[in-house]
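Participant: What follows is a structure written as structure tokens; I'll ask about it next.
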Amino acid sequence: SDTHWSYEDPGQWAKHFPACAGTMQSPININTETTIFSPQLRPIQLSGYSLPAGQMLKLENNGHTVVLKLPESLAIVGGYAQQYRAVQLHLHWGSPSKPGSEHTVDHKRFAGELHVVHYNTKYENFTAAMTQPDGLAVLGVFLEVGPRENPYYQQILEHLHSIQGEDHEVFVPGFNIAGLLPDNLHLYFHYNGSLTTPPCHESVKWTVFNQTVTLSKEQMSILVSSLQTDDNHPLMNNFRQEQSLHRRWVLASFE
Ligand code: SG7
Ligand code: ZN
């Protein structure tokens, strides 16, 4: 159908979603040799990210990823020129044998990538913001395998078995969402890009953190092996290939 798209044929995306063929697309490879140090990039500051367990959040398998809906009380209050309210977070991953981050650093692909999606408060809502050049801010975090279980990611991973099929959803208790992000929110890359899926609107001011977050080997395999797409195929390799930079530069908050 018109609005159906898959990671199997990214070459077809632009047929129905012309923005996918644009010149400010995401993700990109971040070449650390050519980033521009910008001392005016201040630390990312979050507000309201610690949620009480009594506040239930919707976790959904949308056939392309797992999405955790976030209350609009969460916001980015520092680092960006404007204020951005949270909408949702989701993950990208590979397969049991291959990494699946969307962004790469010097062509290194990480095991997975977390995206926390926000919209600019100067717009009425997410849908209105989604088509504006300064409409969205997405925070990107690289996931790697480490020696310990990550208790914050576990708050999501322990529910994946109950949303195996497309459009399945479950309500999960609130937790400290900031725990999903690196400790250090000072060190990051910044560039102007797009949604990494159709409709590929070029409306995202990207922040990709330099510090990674680790999950245990067992947790990573739960992420990679729990979900299915619409046709009951394993939901794996939900990342888009590197897009050309064209006339863009990537800024870095650090030297
Ligand atoms: C994932 O990535 C989902 C989409 C999201 C898309 O497929 O999180 O969101 C929902 C609610 O399905 O698309 C419009 C939108 O937010 C692209 O987001 S991303 O650029 O951060 N990867
Ligand atoms: Zn994403």
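The values are calculated or read from the model by the stated rules, or taken from the named source; none is laboratory data. As the structure is a computational prediction, the values presented were derived from the model and not from experiment. No Cβ is skipped: glycine too gets one built from the backbone with ideal geometry, and neighbour counts run over all protein chains shown. We work out accessible area using only protein heavy atoms, side chains counted, and drop any ligands, DNA or RNA first. Shrake-Rupley method; radii C 1.70, N 1.55, O 1.52, S 1.80 Å.
Participant: For the stretch 1-97, list log₁₀ I(q)/I(0) at each q in 0.11, 0.23 Å⁻¹, using the Debye formula over Cα point scatterers of equal strength and ignoring solvent, two decimals each.
Facilitator: -0.58, -1.20
Participant: Take Q164 and S6, extend 7 Å from each Cα along the Cα→Cβ direction, and tell me the distance between the two endpoints in nm.
Facilitator: Those two pseudo-labels are separated by 2.0 nm.
Participant: Further, regarding this structure: Along each of its three principal axes, how wide is the spread of alpha-carbon positions in the chain, in whole angstrom units, largest first?
Facilitator: That works out to 43, 42, 39 Å along the principal axes.
Participant: Please report the spacing between the Cα centers of the stretch 205-234 and the stretch 61-140 in Å, no decimals.
Facilitator: 14 Å
Participant: If you don't mind, another one. Per DSSP helix of 4 or more residues, -39500 (n - 2.57); summed, then divided by the residues of the chain. What does that give at 222 nm, rounded to the nearest 500?
Facilitator: -2000 deg cm²/dmol, from helical runs alone.
Participant: Additional query: Send over a whole-number figure in Å² for the accessible area per residue of the stretch 75-195, probe 1.4 Å. Walk me through the intermediate numbers first.
Facilitator: Numbers: 4860 Å² over 121 residues.
Here the per-residue accessible area is 40 Å².
Participant: Still on this model: Tell me, what % of the accessible area of the stretch 93-157 is carbon and sulfur with a 1.4 angstrom probe?
Facilitator: Numbers: 1350 of 2670 Å².
On the stretch 93-157, the fraction of accessible area on carbon and sulfur atoms equals 50 percent.
Participant: Mind checking the log10 I(q)/I(0) for the stretch 130-187 at q = 0.17 Å⁻¹? Debye, one equal scatterer per Cα, no solvent, two decimals.
Facilitator: Taken in order of the listed q values, log10 I(q)/I(0) reads -0.84.
Participant: Additional query: Which GluC sites (Glu not before Pro) in the stretch 9-93 pass both tests, a DSSP loop state and at most 13 other beta-carbon atoms within 10 Å?
Facilitator: Here the GluC sites (Glu not before Pro) that fit, given the DSSP loop and packing criteria, are E33.
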